[in-house]
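*Asks:* Structure below; questions to follow.
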Amino acid sequence: MDSEDRNQPTKLCFVTVGATASFLSLLLSVLDSKFLEALSQSGYTHLLVQYGKDGQIIYENFLVKYPAGSPGRHGIEIGGFDFNQAGLGEVMRMTKENKSEGRSSGMIISHAGSGSILEALRLSVPLVVVPNPLLKDNHQAELANELQKQGYVVASHHDDISNAVEKAEALRSRMLTWPPVRGPSQRRHRTLNEVLADEMGFSD
Amino acid sequence: MFSMLRRMPLDPSMYTYRTYVVSAGDNFSAAKAVEFEGSLLNRNHKAKEQGKKNNQPRDASTSDLGAVDHYTIVTVPRARRVHQSYVTAPFSTLHCFWACLRVLRGLHPDQNPLPRFIHSPYPDIILTNGPATAVCVILAAKTLRLVHYLLSIFPFGTPAGRKAEPRLTWDGQAPLDFQLRTIFVESWARVTTLSLSGKLLLPFVDRLLVQWPALEGKVAWKGMRKTEYVGALVA
């Protein structure tokens, strides 16, 4: 493993736990030695965590416990922030491949909020979706599972996140582009424009 | 909503006047509406430039579509604020419903006088995807339609001997300036079950559109219009 090689391109894993609901179990899972080891084994160099409004203590405790360079980090550089008012689009784009800046394609791990999922899907970077089990009326898991079934994302439980790294790497080669293309195999359905025109009584 | 309209794409020469209803405190959505209208204007300018280059005279009536006086943003009170008690929620919901009624009749204080080419304050079509406010708007539209229908059967206040102004056209359809057709788009996040708003609106709304195939064909009761699958609109 040539992780010491200075010329190695950077490879970023970005984690977002969301801004509205607290999701400490996901934060604890990604700040875990087992997960960092899995990252390092898949060639990752950086981890960036959006830890949410009440995740700061956990994040700072981790920094104290594993200072930069300690073996528990498995050579991964780690950064974090609470949340970004302007949205995560800019940060998420840093996981995209950029040869001139020496970046290879990374991955995104996201809570199952639809806004974050859509934002990540549009980038065509492997995405791991982790539903928050604390949310009532949990339809988030349904969304994650359906997207996994269709081949867009990896759905994972937060406890199993270190195994999801390898699955995300496997997804990279066979992942479908978003938005879905309407192929000949798919059933034809109406478009929003057609429904509106229909209701308006436009005939064309 | 705006990613849907952008992808649709919304043609301002067909949907000539646009009213955006946002909930109180939702400055983000209001800013998005301004941004979206800006993009319509931009696109129109580009089309005009193109037209000039090709020496195609453009119809004067379509030349300024997307200009500021072709849309308005109206703020209505929230039906229920986050964490608001369920005891007071019915009152705030009524408050929201009342504001929606005023918007649909063109009487809300946020509304500017309509441009001359618009003949009726009533919208032709109402497109919603939000939660509680969407329920209020659609039920308000339905209420107006019901009142309108009842008045057409029982013409109160018309002097005896004078025939009531026909409120329905010959085939029993609502007149062209009183359409108020309603469309509710279920959230992309709902894969196999409708949201509470969706369940509440299913018996009332004219079209209920869903973004996942498993939700297609749901009906409030037998014989009513089914939900329609339209693919992922937010992509």
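*Asks:* Quick check on my filter: what residues within the stretch B:83-96 are part of a loop (DSSP other than H, G, I, E, B) and of a type outside the set (Ser, Thr, Tyr)?
*Replies:* Just the residues of the stretch B:83-96 that are part of a loop (DSSP other than H, G, I, E, B), to begin with: B:83-88.
Within the stretch B:83-96, B:His83, B:Gln84, B:Val87 meet the criteria.
*Asks:* Please verify whether the stretch B:133-153 includes one or more residues that are surrounded by 14 or more Cβ atoms within 10 Å (Cβ to Cβ) and part of a loop (DSSP other than H, G, I, E, B).
*Replies:* Looking through the stretch B:133-153, none of the residues is surrounded by 14 or more Cβ atoms within 10 Å (Cβ to Cβ) and part of a loop (DSSP other than H, G, I, E, B).
*Asks:* In the stretch A:19-39, how many residues are crowded, with 19+ Cβ neighbours inside 10 Å and in contact with a His (Cβ under 6 Å, 6 or more places away or on another chain)?
*Replies:* 4
*Asks:* Still on this structure: Say we look at the stretch B:97-109 and pick out the residues that are buried (at least 16 other Cβ atoms within 10 Å of the Cβ) and assigned to a loop (DSSP other than H, G, I, E, B); which of these is nearest to the other protein chains (Cβ to nearest Cβ)? Outline the logic, then answer.
*Replies:* Start the filter on the stretch B:97-109 by keeping residues that are buried (at least 16 other Cβ atoms within 10 Å of the Cβ), which leaves B:97, B:99-104, B:106, B:108.
After this cut, where a residue has to be assigned to a loop (DSSP other than H, G, I, E, B) as well, the list is B:106, B:108.
Details: B:Gly106: 19, B:His108: 23 Å.
Ranking the qualifying residues of the stretch B:97-109, first place goes to B:Gly106.
*Asks:* Another one. State yes or no: is B:Pro115 surrounded by fewer than 13 Cβ atoms within 10 Å (Cβ to Cβ) and either at pLDDT 90 or above or in a loop (DSSP other than H, G, I, E, B) (or both)? Walk me through how you get there before you give the answer.
*Replies:* Numbers: surrounded by fewer than 13 Cβ atoms within 10 Å (Cβ to Cβ): yes; either at pLDDT 90 or above or in a loop (DSSP other than H, G, I, E, B) (or both): yes.
Considered against the rule, which asks whether it is surrounded by fewer than 13 Cβ atoms within 10 Å (Cβ to Cβ) and either at pLDDT 90 or above or in a loop (DSSP other than H, G, I, E, B) (or both), B:Pro115 comes out as yes.
*Asks:* Something else now. Looking at the stretch B:1-19, which of its residues are over 18 Å from B:Leu180 (Cα atoms), away from every other protein chain (no Cβ under 11 Å) and hydroxyl-bearing (Ser, Thr, Tyr)?
*Replies:* Hit for the stretch B:1-19 is B:Ser13, nothing else.
*Asks:* Just give me the residues in the stretch B:198-212 being part of a helix (DSSP H, G or I) and surrounded by 21 or more Cβ atoms within 10 Å (Cβ to Cβ), in sequence order. Explain how you work it out, then say what you get.
*Replies:* Of all residues in the stretch B:198-212, those part of a helix (DSSP H, G or I) come to B:198-201.
Across the stretch B:198-212, the qualifying residues are B:Gly198, B:Leu201.
*Asks:* Within the stretch A:81-92, is there a residue that is at positive phi and touching a Pro at 6+ places or on another chain (Cβ under 7 Å)? Quick ask: steps written out before the conclusion?
*Replies:* Here is the first cut: in the stretch A:81-92, the ones at positive phi are A:87.
Filter again for touching a Pro at 6+ places or on another chain (Cβ under 7 Å), leaving none.
No, the conditions are met nowhere in the stretch A:81-92.
*Asks:* Quick check: anything in the stretch A:165-179 within 9 Å of chain B (Cβ to nearest Cβ), modelled with pLDDT of 85 or more and surrounded by fewer than 20 Cβ atoms within 10 Å (Cβ to Cβ)?
*Replies:* First, the residues of the stretch A:165-179 that are within 9 Å of chain B (Cβ to nearest Cβ): A:178-179.
In the following step, the residues that additionally are modelled with pLDDT of 85 or more were identified as none.
Checked against the condition, which is being within 9 Å of chain B (Cβ to nearest Cβ), modelled with pLDDT of 85 or more and surrounded by fewer than 20 Cβ atoms within 10 Å (Cβ to Cβ), the stretch A:165-179 yields no hits at all.
*Asks:* Quick one: count up the residues across the stretch A:100-141 that are crowded, with 23+ Cβ neighbours inside 10 Å, of a type outside the set (Val, Ile, Thr) and in contact with a helix residue (DSSP H, G or I) (Cβ under 7 Å, 6 or more places away or on another chain).
*Replies:* 8
*Asks:* Filter the stretch A:127-151 for residues that are within 13 Å of another protein chain (Cβ to nearest Cβ), under 24 Å from A:Val181 (Cα atoms) and not hydrophobic (A, V, I, L, M, F, W, C) and give the result.
*Replies:* Residues satisfying the conditions are A:Gln140, A:Glu142, A:Asn145, A:Glu146, A:Gln148, A:Lys149, A:Gln150.
*Asks:* Might you check whether a residue that is within 13 Å of chain A (Cβ to nearest Cβ), within 23 Å of A:Ala86 (Cα to Cα) and without any contact (Cβ under 8 Å) to a residue 24 or more places away in the chain occurs anywhere in the stretch B:34-45? Steps first, please.
*Replies:* Filtering the stretch B:34-45 for residues within 13 Å of chain A (Cβ to nearest Cβ) gives none.
No: zero hits.
The values are calculated or read from the model by the stated rules, or taken from the named source; none is laboratory data. Since the structure is predicted, the reported quantities are computational estimates derived from the model, not experimental observations. Please note: Cβ atoms are built from the backbone with ideal geometry, for glycine as well, and neighbour counts cover all protein chains shown.
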